[in-house]
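Only one structure is covered here, and it is reproduced in the block below.
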Amino acid sequence: MGALALLMASQPATAQVKEVEVVHWWTSGGEAAALNVLKGNLQKEGISWKDTPIAGGSGVQAMTVLRARVTAGNIPTTVQMLGFDIQDWAELGSLADLNAIAAKDGWDKVVPKALQRFSKYKDQWVAAPVNVHSTNWVWANKAVLDKLGIAVPKNWDEFVAALDKAKAGGVVPLAHGGQPWQDGTVFEAVLLATGGGDFYQKALIDLDPATLKSDKMKTVFERMSKLRTYLDPNFSGRDWNLASAMVIKGEAAFQMMGDWAKGEFIAAGKKPDVDFLCFRFPGTQGNVTFNSDQFVMFKVGDDRKEAQAKMALAVMDPGFQSAFNVVKGSVPARTDVPGDAFDACGKKGIADLKEASDAGKLYGSMAHGHAAPAGVKQAIFDVVTKHFNGQLDTAKAPEELATAVAAAK
Ligand code: BGC
C-alpha cells in the first residue's frame with residue numbers, strides 16, 4: 001500500500017476537500033516560477049491550489065499574518081516556514097503528525113539530520129522540507145567586472161578593492177535593500193568572514209555574551225560601516241529582488257544575498273559564468289550558512305487530510321525537488337536527488353554543502369531563522385539595522401548586541 005493509501009485507510013470516511021490552501025512569501029519572479037512547478041504537480045493529482053501569497057522577504061510579514069489567522073481560527077492547510085518558527089508552532093501543538101506518511105515514504109533516510117532537527121518536533125514529523133538555501137553568497141554582473149578589470153575577490157581586502165574599482169567605474173558597487181532581514185543577511189556573512197566558523201557558532205548559535213561583545217565583533221561592525229559606503233542613496237526599504245535586478249541590468253556590480261537571488265537571474269534569462277558570477281562571500285569558502293524552506297502542515301479537519309497528505313508527498317517527490325530547486329536557486333532537501341540538472345552555481349551549491357557538512361562547517365543562518373529563535377533574531381536585527389543606518393556608534397554596538405540578545409533569550 002502506498003503512503004497516501006495507508007494514511008487514508010486509518011481515517012474515517014469523510015468527503016474530501018480537493019484543495020490545499022498554501023501560505024507563502026514567494027512573490028518575486030524567480031520564486032513564483034519555482035512555485036508553479038509544485039502547483040502544476042498537485043493539479044495533476046487532482047488537488048487545486050488556493051494561493052495565499054504574503055509578500056515580504058524572509059517571511060517576516062507572512063509570520064505576522066499567520067499568527068493573526070491562527071488566533072482567529074482560520075487555519076491554512078500548509079505554510080512555508082523556516083527553522084525555529086517551525087519548532088515554535090509545534091510546541092504550541094498546532095501542527096499535524098506526519099509520522100505515518102514519513103515512515104512509509106522513507107523520509108528519515110533521505111533528509112539530512114541538520115534539516116530533521118527542524119522538520120521534527122520530539123520525534124514527530126511536522127513539516128516537509130523542500131530545499132536547502134545558503135546565505136553566504138555574492139552575485140556579480142560579469143560584463144561589469146570584465147569591463148572594470150575586477151577579479152573575483154577572495155578575502156575582505158580584495159572585496160574592498162573590488163568595490164572601490166566599481167565605485168571609480170561609475171556603477172553602484174553593492175546593490176542592497178535596507179530592510180532588517182537584508183541587513184542581517186549581510187551581517188552574518190561579514191561575521192563569518194571576519195571570525196570564521198567557530199566565531200559564528202559561538203556568537204550567533206551559542207549566543208555567548210563574551211563573543212557578542214568581543215573586539216572581533218567590533219571589527220564586524222566596522223566592516224558593516226565600510227560596506228554602507230558602497231550603497232546607492234535609494235537603498236532604504238528596497239526589496240531584495242529589486243537589488244538583484246540592479247546587478248542583472250549592470251547598474252550595480254555586486255549583491256550579497258542568499259541563493260534565491262539566482263532564481264532572479266535565471267528568470268531574467270541570464271546564465272552563470274556567461275552573464276553573472278556566483279561566489280562565496282569573500283573569506284567564507286568552506287563554510288556554509290544554510291536555511292531550509294519547509295512546508296509545515298497544520299492540524300486540519302478530516303475532510304482536508306487527504307489533500308494535505310498529497311501536498312506533503314508532492315513536496316518530497318525527488319523529481320519535483322530537482323525541478324523546483326533548479327529554478328529556485330537552492331539545492332534539494334533530499335540527499336538522493338541527482339545534481340545533473342543543476343547549472344554551475346547549483347552544482348557549486350551542492351558541492352559546498354556536502355564539503356561544509358562533512359567538515360562540521362555547516363551553520364544555521366541567523367537571519368533566516370536557523371540559528372536562534374525569532375525573538376533573538378529580531379533583537380540582533382534591531383541592533384544591526386540601527387548601527388547600519390548610523391544611529392549607533394561602532395564602539396558601542398558589540399555591548400548593545402550582547403545586551404539585546406541576553407534580554408531576548
Ligand atoms: C527563504 C527563501 C526566499 C527568501 C526571500 C528566505 O528566507 O528561505 O525561499 O526566497 O527568503 O524571500
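The values are calculated or read from the model by the stated rules, or taken from the named source; none is laboratory data. This one's a predicted model, so the numbers in the text were calculated from it and none came from an experiment. Here the Cβ positions follow ideal geometry from the backbone for every residue, glycine too, while neighbour counts run over all protein chains shown. With ligands, DNA and RNA removed, areas are computed over all heavy atoms of the protein, side chains included. Shrake-Rupley method; radii C 1.70, N 1.55, O 1.52, S 1.80 Å.
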Using the structure shown, select from Lys147/Lys226; Lys113/Lys262; Lys165/Lys377 the pairs with a Cα to Cα distance greater than 28 angstrom. Lys165/Lys377
Inter-centroid distance (Cα atoms) of the stretch 358-406 relative to the stretch 159-210, Å: 12 Å
Per residue of the stretch 270-282, what does 6.51 cos²θ - 1.76 cosθ + 1.60 with θ = phi - 60° give for ³J(HN,Hα)? Whole Hz please, x for Gly and Pro, Karplus curve as stated. 8, 10, x, 6, 9, 9, 9, 10, 10, 8, 5, 3, x
For the stretch 221-304, which semi-axes, largest first and in whole Å, follow from the square roots of 5 times the eigenvalues of its Cα gyration tensor? 30, 18, 16
Regression test value, accessible area per residue of the stretch 166-242, probe 1.4 Å, units Å², expected 37 Å²
Which links in Lys104/Lys305; Lys120/Lys271; Lys154/Lys218; Lys39/Lys104; Lys167/Lys328; Lys347/Lys386 stretch past 25 Å when you go from one Cα to the other? Lys120/Lys271; Lys167/Lys328; Lys347/Lys386
Using a 10 angstrom cutoff on alpha carbons, build the Gaussian network for the chain and name the most mobile of Ala90, Ala341, Ala62. Ala341
Only bridges whose two residues both fall in the chain count here: according to DSSP, what percent of them are antiparallel, nearest 5? 60 percent
Answer with one residue from Asn291, Asn241, Gly301: the one whose Cα lies farthest towards the positive end of the charge dipole of the stretch 204-329, charges on Cβ with Lys, Arg +1 and Asp, Glu -1. Asn241
Treating the beta-carbon of each Lys and Arg as +1 and of each Asp and Glu as -1, no other charges, what is the dipole magnitude of the chain about its Cα centre, to the nearest 20 debye? 180 debye
Karplus-derived 3J(HN,Hα) from phi for the stretch 79-86 (6.51 cos²θ - 1.76 cosθ + 1.60, θ = phi - 60°), whole Hz, x at Gly and Pro, runs 9, 5, 8, 10, x, 5, 4, 4
As a test of the formula, what do you get for the chain when each DSSP H run with n ≥ 4 contributes -39,500 (n - 2.57) and the sum is divided by the residue count, at 222 nm and rounded to the nearest 500 deg cm²/dmol? -14500 deg cm²/dmol
What list of ³J(HN,Hα) values in whole Hz, one per residue of the stretch 153-166 in order, does the Karplus curve 6.51 cos²θ - 1.76 cosθ + 1.60 (θ = phi - 60°) give from phi, with Gly and Pro shown as x? x, 10, 8, 4, 4, 5, 5, 4, 4, 5, 5, 4, 5, 4
Using alpha carbons only, how many angstrom separate the centre of the stretch 26-67 from the centre of the stretch 247-279? 22 Å
For the stretch 271-374, with equal point scatterers placed on the C-alpha atoms only and solvent neglected, what are the log10 I(q)/I(0) values from the Debye formula at q = 0.14, 0.17, 0.19, 0.20 1/Å, to two decimals? -0.68, -0.93, -1.08, -1.15
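By how many nm would the segment from Ile205 to Ala55 grow when fully extended, if each residue of separation counts as 0.36 nm and the alpha-carbon distance is taken off? Kindly include the intermediate steps, with their values, before the conclusion.
Details: separation 150, 0.36 × 150 = 54.00 nm, distance 2.78 nm.
Residue separation times 0.36 nm, minus the Cα-Cα distance, leaves 51.2 nm.
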Cβ-placed point charges (K, R +1; D, E -1), dipole of the stretch 159-230 about Cα centre in debye, nearest 20: 300 debye
Taking Cα atoms only, Rg over Rh for the chain with Rh from the Kirkwood formula is 0.97
Long-range amide H contacts for His176: which residues qualify at under 5 Å (H placed 1.01 Å from N, peptide plane, sequence gap of 5 or more or a different chain)? Asp232
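May I ask you to give the solvent-accessible area per residue for the stretch 302-409, in square angstrom, as obtained with a 1.4 angstrom probe?
38 Å²
Of the accessible area of the chain, with the probe set at 1.4 angstrom, what percent is carbon plus sulfur? Write out the running numbers ahead of the final one.
Numbers: 8170 of 15490 Å².
It is 53 percent, rounded to a whole number.
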Assigning unit charges at the beta carbon (Lys, Arg +1; Asp, Glu -1) and nothing else, what dipole magnitude in debye, to the nearest 20, does the stretch 24-73 show about its Cα centre? 140 debye
With every protein chain kept in place and ligands, DNA and RNA left out, what is the accessible area per residue of the stretch 1-119? Probe 1.4 Å, answer in Å². 44 Å²
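Take the alpha carbon atoms of the stretch 108-162, find their radius of gyration, then divide it by 2.2 N^0.38 Å using N residues; give the quotient.
On the way: Rg = 19.5 Å, N = 55, 2.2 N^0.38 = 10.1 Å.
For the stretch 108-162, the normalised Cα radius of gyration comes out at 1.93.
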Could you pull the accessible area for Ile47 with a 1.4 Å probe, rounded to 10 Å²? 0 Å²
Ala406 label point, 7 Å along Cα→Cβ, cut-off 20 Å on backbone N: hits in the stretch 210-226? 210-219, 221
